[in-house]
Amino acid sequence: MAKNAEDRYQSALGLKYDLENCLLQLQENGEIVDFPIAQKDVCDRFIIPDKLYGRETEVKTLLQAFERVSLGTTEMMLVAGFSGIGKTAVVHEVHKPIVRQRGYFIKGKYDQFNRNIPFSAFVQAFRDLMGQLFTESDAQIQAWKNKILAAVGENGQVIIEVIPELERIIGEQPPVINLSGTAAQNRFNLLFHKFVEVFTTKEHPLVMFLDDLQWADSASLKLIELLMSESSAGYLLLIGAYRDNEVSAAHPLMFSLAEIKKAQATINTINLTPLSYASLNQLVADTLSCSTIIAQPLTELVYQKTKGNPFFSTQFLKALYEDGLIKFDWDERNWQCNIVAVKELSLSDDVVQFMASQLQKLPETTQDIFKICCLYW
Ligand SMILES: Nc1ncnc2c1ncn2[C@@H]1O[C@H](COP(=O)(O)OP(=O)(O)OP(=O)(O)O)[C@@H](O)[C@H]1O
Ligand SMILES: [Mg+2]
């Protein structure tokens, strides 16, 4: 009956065991004395816990940046690392604490296949923010309207064209003069900068998370430079995640970051490294509802195979379960792993081969579709 789902009974068997204990006590003694419950309550569904392991330092670094920004600075925090290392996950972890401290947390991500759409992550982030503003009182929305109009003047339409939801806050706006090329971009950047500053206030600092920056378009990179290097009004934390294995020194992102650094803006980087053995061990133990000591032999194999990359590790564990190498033992009421078979698997191939073998398990038609996708990639 506990409020949090994870604090309740996780299995019917665990509950049954305790109820039987009650029945037995009742039959034998006519009363039930208190006893520690859920001792035999092991989750019999294979669930990898949806929580973050071993990123305390990184989460703290992000929250400290937010605290500094709350005092009036503008900062950029980069989260860099290999695909699947947990960049998106670690930034999501600070969402709730930031909102609790009255920050606005908005996010958008760049898309590998839509790299030519300008400002796509900014647009997502601000559509998200408009959605958050709609939940506020009419008086507050009116106040936002006044502030936004004071900032963008007669040019509100320029922003409405990319963030249509804005019209619901500031109402219809007069048409603007058509500009082209650089002039249009300069006008947009200038207005967008002013627009962003409306939301960076002492009462509610703004945290904008732009994910997958390795796929950002050049207009976005210019805008980031502007937001970071202009004499900014403060109360802005820009968090940017990118795959460092996909950007060379000549990548436009690297060039923009160098420009930002040159302009003396505060920019820090969190380099995400693989999970430690201890963290991975905890993840395996929680998944199999056992102690960390019992989980060690499997952890060693997972670690050897995935080098602590959380995406590969969780995929590997799921595959072992799907292949029947990890099974729930109903008699013993615990999870069992066929270590010998897993050992063979982990010695024989690397992660790439392993992922390929996962694809080969898909129906042939699905595999054919993948092949076509790869042709057009
Ligand atoms: N510290 C962690 N503990 C447990 N699970 C984690 C951890 N970090 C990430 N994961 C899980 O690993 C998977 C990959 O994480 P995530 O998507 O954050 O990686 P990423 O670095 O953003 O990858 P990409 O470059 O592909 O966007 C997710 O399912 C996530 O929940
Ligand atoms: Mg990600």
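The values are calculated or read from the model by the stated rules, or taken from the named source; none is laboratory data. These figures come from a predicted structure and were not determined experimentally. Don't worry about glycine lacking a Cβ; one is built from the backbone with ideal geometry, like all the others, and counts go over all protein chains shown.
So here's what we get for this one:
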item: Test for I98: is it on the phi < 0 side of the Ramachandran plot, touching a strand residue (DSSP E or B) at 6+ places or on another chain (Cβ under 7 Å), touching a residue at least 12 places away in the same chain (Cβ under 8 Å) and more than 16 Å from ligand 2 (Cβ to nearest atom); result: yes
item: Pick from the range 283-301, criterion touching a helix residue (DSSP H, G or I) at 6+ places or on another chain (Cβ under 8 Å) and in contact (Cβ under 8 Å) with a residue 24 or more places away in the chain, ranking: farthest from A89 (Cα to Cα); result: P297
item: Residues satisfying the stated conditions in the range 225-244, i.e. in contact with a strand residue (DSSP E or B) (Cβ under 7 Å, 6 or more places away or on another chain) and not charged (D, E, K, R); result: L227, M228, S232, G234, Y235, L236, L237, L238, I239, G240, A241, Y242
item: Subset of the range 137-162 [at pLDDT 95 or above and not in a helix (DSSP H, G or I)]; result: none
item: Number of the condition not met by T306 [criteria: (1) among the polar types (S, T, N, Q); (2) surrounded by fewer than 22 Cβ atoms within 10 Å (Cβ to Cβ); (3) over 30 Å from I159 (Cα atoms)]; result: (2)
item: Matching option when the condition is in contact with a Lys or Arg (Cβ under 7 Å, 6 or more places away or on another chain), among the hydrophobic types (A, V, I, L, M, F, W, C) and buried (at least 16 other Cβ atoms within 10 Å of the Cβ), among L288, L317, L283, L301; result: L301
item: Qualifying positions in the range 203-234 - in contact with a Lys or Arg (Cβ under 7 Å, 6 or more places away or on another chain), within 16 Å of ligand 1 (Cβ to nearest atom) and within 19 Å of A65 (Cβ to Cβ); result: F209, D211
item: Tally, over the range 70-89, of residues that are more than 11 Å from ligand 2 (Cβ to nearest atom) and assigned to a loop (DSSP other than H, G, I, E, B); result: 3
item: A5 vs. criteria loosely packed, with under 10 Cβ neighbours inside 10 Å and among the aliphatic types (A, V, I, L, M); result: yes
item: Residues (within 12 Å of ligand 1 (Cβ to nearest atom) and assigned to a loop (DSSP other than H, G, I, E, B)) located in the range 107-124; result: Y110, D111
item: Residue within the range 159-182 that is in contact (Cβ under 8 Å) with a residue 12 or more places away in the chain and within 16 Å of ligand 2 (Cβ to nearest atom) present; result: no
item: Of the criteria (1) over 14 Å from G240 (Cβ atoms); (2) within 16 Å of ligand 2 (Cβ to nearest atom); (3) out of contact with any helix residue (DSSP H, G or I) (no Cβ under 7 Å at 6 or more places or on another chain), which one L52 fails; result: (3)
item: Odd one out for M77, checked against (1) more than 16 Å from ligand 1 (Cβ to nearest atom); (2) over 30 Å from K318 (Cβ atoms); (3) among the aliphatic types (A, V, I, L, M); (4) surrounded by 11 or more Cβ atoms within 10 Å (Cβ to Cβ); result: (1)
item: Filter result (of a type outside the set (S, T, N, Q) and within 16 Å of ligand 2 (Cβ to nearest atom)) within the range 233-254; result: I239, G240, A241, Y242, R243, D244, E246, V247, L253
item: Qualifying residues in the range 174-231 (those that are of a type in the set (G, A, S) and not in a helix (DSSP H, G or I)) - the one modelled with the highest pLDDT; result: A216
item: H92, sole failed condition from (1) within 16 Å of ligand 1 (Cβ to nearest atom); (2) assigned to a helix (DSSP H, G or I); (3) in contact (Cβ under 8 Å) with a residue 24 or more places away in the chain; result: (3)
item: Breaking point among (1) out of contact with any helix residue (DSSP H, G or I) (no Cβ under 6 Å at 6 or more places or on another chain); (2) near ligand 1 (Cβ under 9 Å from one of its atoms); (3) without any contact (Cβ under 8 Å) to a residue 60 or more places away in the chain; (4) not hydroxyl-bearing (S, T, Y), for K87; result: (3)
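Every residue, every condition in (1) surrounded by fewer than 17 Cβ atoms within 10 Å (Cβ to Cβ); (2) of a type in the set (V, I, T); (3) under 30 Å from L13 (Cα atoms); (4) modelled with pLDDT under 85, yes or no:
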{"site": "D323", "(1), (2), (3), (4)": "yes, no, yes, no"}
{"site": "W330", "(1), (2), (3), (4)": "yes, no, yes, yes"}
{"site": "C337", "(1), (2), (3), (4)": "no, no, yes, no"}
{"site": "L345", "(1), (2), (3), (4)": "no, no, no, yes"}
{"site": "Q353", "(1), (2), (3), (4)": "yes, no, no, yes"}
{"site": "Q360", "(1), (2), (3), (4)": "yes, no, no, yes"}
{"site": "T366", "(1), (2), (3), (4)": "yes, yes, no, no"}
{"site": "I372", "(1), (2), (3), (4)": "yes, yes, no, yes"}
{"site": "Y376", "(1), (2), (3), (4)": "yes, no, no, yes"}
